[in-house]
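The values are calculated or read from the model by the stated rules, or taken from the named source; none is laboratory data. Not measured: the values here are computed from a predicted model. Positions of Cβ are backbone-derived with ideal geometry, glycine not excepted, and every protein chain shown enters the neighbour counts.
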Amino acid sequence: MTMTDNHAAAVHSYCQCRGGINATFNACHQTARGMGFRDLLADAEVVAESTSCIHEIFDYSKNLNNCPLLFESIKEANGHRAALNLLDRGLLCKTLGIADSELIDILAEAMANPIPTREVEDAKVLQCSMDVDLTCLPIPHHHREDGGRYMSASIIIAEYNGIRNVSFHRQLVLSKNELAARLVPRHLRTMVNEARSVGDEINIAIINGPDPLVLLAGAMSFDENLDELTVASALHQQLRGSPLPVVRLENGILVPADAEYAMQARITSRDAEEGPYVDITGTVDDIRMEPLIEVDSISHAKDPIMHVLIPGLGEHRALMGLPRAPAIKAAVSKVVDCHDVFLTEGGCGWLSSVVAISPQEKGDGVKAIHAAFAGHRSMKQVTIVNTDIDITNPVAVEWAMMTRWQPDIDTVILSGQKGSSLDPSINEDGTTAKVGFDATLSPGVSGKEFTSVL
């Protein structure tokens, strides 16, 4: 899926922007300080050379150990830029000006106390419009095993019968105006099934590059139909001092006003092939028949930057894991003082976690293991440590196990448990075994033999 130079030049010619396109990142960054997403680019390495979004962004990132990157010139998308490797816990917290351990409590507070958004008339995401041609956007084909160019960092905002859902779904480019989206059996799939049963299509917006607080809210999953935009608004109130500003598109969908891209679209009654796709575990997911989306219009900010995360790597796993940590902490806090939770990269941000507690009595570590599994039922492994251990450092966690854990008495193995569809080793009936490691010191146990000076 490559383009001619004339085709790329056409994108620039039909992008009608009020006020023109900014020439440099620095100038654009200064005019968009409130946008949130661009704040993540402060430490990004700028790549000025012309780069293809067909494998070349992926190769460039891999060669630089997947550091934060901003690509200024995309061969297939003249006038558009691309950025990736921006979201990990440390960088996000640094950008937000909070301690790493504070993020979980802030997320939990927003989940428990959502607030309405603030509708505005003027929005950065509506500054420019372009003809509908998805092939002229910097939508990447990262892994060579993928079925084509995928939007993996874009969220879908859907409204039907008075219910709004905001969620991540990978979207494969099929043509200039068509996508196939993988919808797993959660709220949006239920919404689509309901609409199709009466012959309806669903109006949606596809959003790329919103405030990272919106990305965190969109990655959350709830048992009930909770409007994720109101959770994002609560986060925005806590960290930016005001509710989340949103603007209404012509199809009636409210979208974050300061996003980089907004596409008006419809989930149709038709299906199309979607896949293969390298999923979060790094394994290749199958081809399936999935709902076909038709894109009706595209708007974007001046000199836009598309978020193009690489599936299966750290940024993808952070988005999966960060919103699950509050549920784990809340469950563990019911049985013991819980300090922090980290969904590990080796566990794909989903299947394994490390939990830091302050045990008050013997057996608290084992209690924390059971509580953690109750807080995140897809999890397969959990390690419990004391608060002196850096739970984001796998070497420190292994050190705690090797110096504080006895396998025969500090290990919990549970059989016949609910498994995760992301785990290819689960049993045919969807069950799995789970393991928990208690690598804590019992209350009152101390001494130099248990303390590292390194």
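Some points to look at:
- Listed conditions (1) within 30 Å of the chain's Cα centre (by Cα); (2) more than 23 Å from Leu322 (Cα to Cα); (3) surrounded by 16 or more Cβ atoms within 10 Å (Cβ to Cβ); (4) of a type outside the set (Lys, Arg) are all met by His376, apart from (2).
- Which listed residue, of Arg164, Arg196, Arg182, Arg170, is of a type outside the set (A, V, I, L, M, F, W, C), more than 22 Å from Leu134 (Cα to Cα) and out of contact with any helix residue (DSSP H, G or I) (no Cβ under 9 Å at 6 or more places or on another chain): Arg196
- Residues in the range 179-222 that are under 16 Å from the mean Cα position of the chain (by Cα), of a type in the set (S, T, N, Q) and surrounded by fewer than 18 Cβ atoms within 10 Å (Cβ to Cβ): 1 in all.
- Total residues in the range 343-367 satisfying the condition of being crowded, with 21+ Cβ neighbours inside 10 Å, in contact with a Gly (Cβ under 8 Å, 6 or more places away or on another chain) and either closer than 15 Å to Ser333 by Cβ or among the aliphatic types (A, V, I, L, M) (or both): the figure is 4.
- Strands (runs of 3 or more DSSP E) completely within the range 369-445 that count 3 or more residues being in contact (Cβ under 8 Å) with a residue 12 or more places away in the chain, touching a helix residue (DSSP H, G or I) at 6+ places or on another chain (Cβ under 7 Å) and at negative phi: 381-386, 431-438
- Residue, nearest to Ile204 (Cα to Cα), within the range 305-317, restricted to residues that are touching a Leu at 6+ places or on another chain (Cβ under 9 Å) and of a type outside the set (A, V, I, L, M, F, W, C): His307
- For the condition modelled with pLDDT of 95 or more, within 24 Å of Val308 (Cβ to Cβ) and in the same structural domain as Gln264 (by TED's automatic domain parsing), Ile206 qualifies.
- Restricting Val125, Val184 to residues that are closer than 21 Å to Ser297 by Cα, among the β-branched types (Val, Ile, Thr) and not in a strand (DSSP E or B) narrows the list to Val125.
- Lys176 falls short on exactly one of the conditions (1) crowded, with 17+ Cβ neighbours inside 10 Å; (2) at pLDDT 95 or above, and that condition is (1).
- Among the residues of the range 231-246, just one is free of Cβ contacts under 8 Å to residues at least 60 places away in the same chain and closer than 12 Å to Asp211 by Cβ, namely His236.
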